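Heads up, the thing below is written out as structure tokens.
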Amino acid sequence: MASVGTALLLLRPDAAPVRGPTTPAAVAVKFLLDGPYGARFAGELAASKQGYFSSRIELAVQPDPDFVQTVAREQAIGVTSGQKFLLASWRGVPVTAFSASFLDTSVAIFTPVSSGLRRPVDLVGKRVGYRRASEGEVVFDAMMAQLGLPRSQVIKIPDRDSFEAMRAGDVDAIVADIDEQPDPSSPTFEKLNVIKPQDYGIHVPGLVYFASNDLIHDRPSVIADVLQGLIRGWQFSYSDYAQSVPVLASAGPASLNSERLKFDLQQQRPLVLPTGGRIGDYDESRWRTLRDILLFSKLGEEDVPLARTVNYQFLRDTYRRSPDLAAPGARSEER
């Protein structure tokens, strides 16, 4: 009878094998990009494609006018312009910046070579196309003020900031991002003069990495991991174009043009890998300059001090723990 009872117990349909404790899968963290896939996000794309993130990170483009607020709401990581980030933090959005992508602004002033307009002083009395309240307008006004040039004598024309408008003769110069330049292989390509604000003392954070305060508080190890992955991603992007460009071209949902990608990488290289600098290594002076020019432009009020919105410790810790990330080879000339 005992043997029969044992057999019946073994045959019960609700009997289940004993399992050991299971480890829950790590929750993925969203990494949102404020713009389409391209060279400006090469570090992020390379890190994701090459497996430099050890945490579960999901890259996604987030076309949203309230981009910073969305990152905070989603308890995510994001990358956007320093201006957009700082204005949102002043409005009370709970986010903190922890590194830079572009250490300087990617905004520049473009003029045709044939125009002879090569310096800021040459723009006095000329028509300059721009976008209202954009980073370009703020940086341009700050540059002219820094040089003591009469901004009232510059004819600023809103919504005429395209290269087509300049080619058509609607304006003499435009304020635009460096990755908006026409493709050199285009039959309509025209050689351009490029006036860079940083050459005239205007240094502000370009693109910055930031995260929701909740994520930083609850999962600081994710921020540290992502930062290390980003540095390696940018190193890979610039170490050898023959190797990195094909990887980057295939990293997005749609294939990117390899020649255009290489051209954009070359244009933005000084912003990512400055001479004598380290990847992602922003400093307080750039943030103070950005704060001052935003207040000067009357775009916002400093309701939250910089010390509460910008974190430098993650970057310092990353380079201290992994000194190889700052090795000379990381900044070698592209091949």
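Observations, loosely collected:
- Here the translational diffusion coefficient of the range 222-335 follows from Stokes-Einstein with Rh set to the Kirkwood radius across Cα pairs; for 25 °C and 0.890 mPa s it amounts to 150 µm²/s.
- Under 21 Å from LYS196, Cα to Cα: lysines that are on another chain or at least 8 residues apart: LYS84, LYS126, LYS156, LYS262
- Measuring r between the beta carbons of SER221 and ASP64 and using R0 = 35 Å, the FRET efficiency lands at 0.80.
- Relative to one another, the C-alpha centroids of the range 56-80 and the range 213-247 are positioned 16 Å apart.
- In terms of overall dimensions, the C-alpha atoms belonging to the range 211-285 reach 41, 33, 17 Å along their principal axes, ordered largest to smallest.
- Highest-fluctuation residue, ARG291, ARG278, ARG320 considered, GNM on the chain with Cα pairs under 10 Å: ARG320
- At a probe radius of 1.4 angstrom, the accessible area of the chain per residue rounds to 48 square angstrom.
- Considering only beta bridges that DSSP places wholly inside the chain, some 55 percent are antiparallel.
- Only protein atoms count toward the accessible area here, which uses a 1.4 Å probe; on the chain, the carbon and sulfur part of that area reaches 51 percent.
- Paramagnetic reach from ASN257 in the range 176-203 [backbone N under 15 Å; point 7 Å along Cα→Cβ]: 179-190
- For q = 0.06, 0.09 Å⁻¹, Debye-computed log10 I/I(0) when each Cα of the chain counts as one equal scatterer: -0.26, -0.52
- FRET E, pair LEU306, ARG131, Förster distance 30 Å, beta-carbon r, rounded to 0.05: 0.70
- Counting 0.36 nm for each residue step from SER297 to SER115 and taking away their Cα separation leaves a gain of 62.6 nm.
- For the pair the range 29-54 and the range 178-212, the centres of their Cα atoms are 20 angstrom apart.
- Under a Gaussian network description of the chain, with springs only between Cα atoms under 10 Å, the residue in THR318, THR188, THR289 that fluctuates furthest is THR188.
- Its alpha carbons considered, the range 97-174 gives a radius of gyration followed by a Dmax of 13.1, 43 Å.
The values are calculated or read from the model by the stated rules, or taken from the named source; none is laboratory data. Keep in mind the model is a prediction, meaning the values are calculated, not measured. Methodologically, a virtual Cβ is constructed for each residue, glycine included, from the backbone with ideal geometry; neighbour enumeration extends over all protein chains shown. The area values use the complete protein model at the heavy-atom level, side chains included, leaving out ligands, DNA and RNA. Shrake-Rupley method; radii C 1.70, N 1.55, O 1.52, S 1.80 Å.
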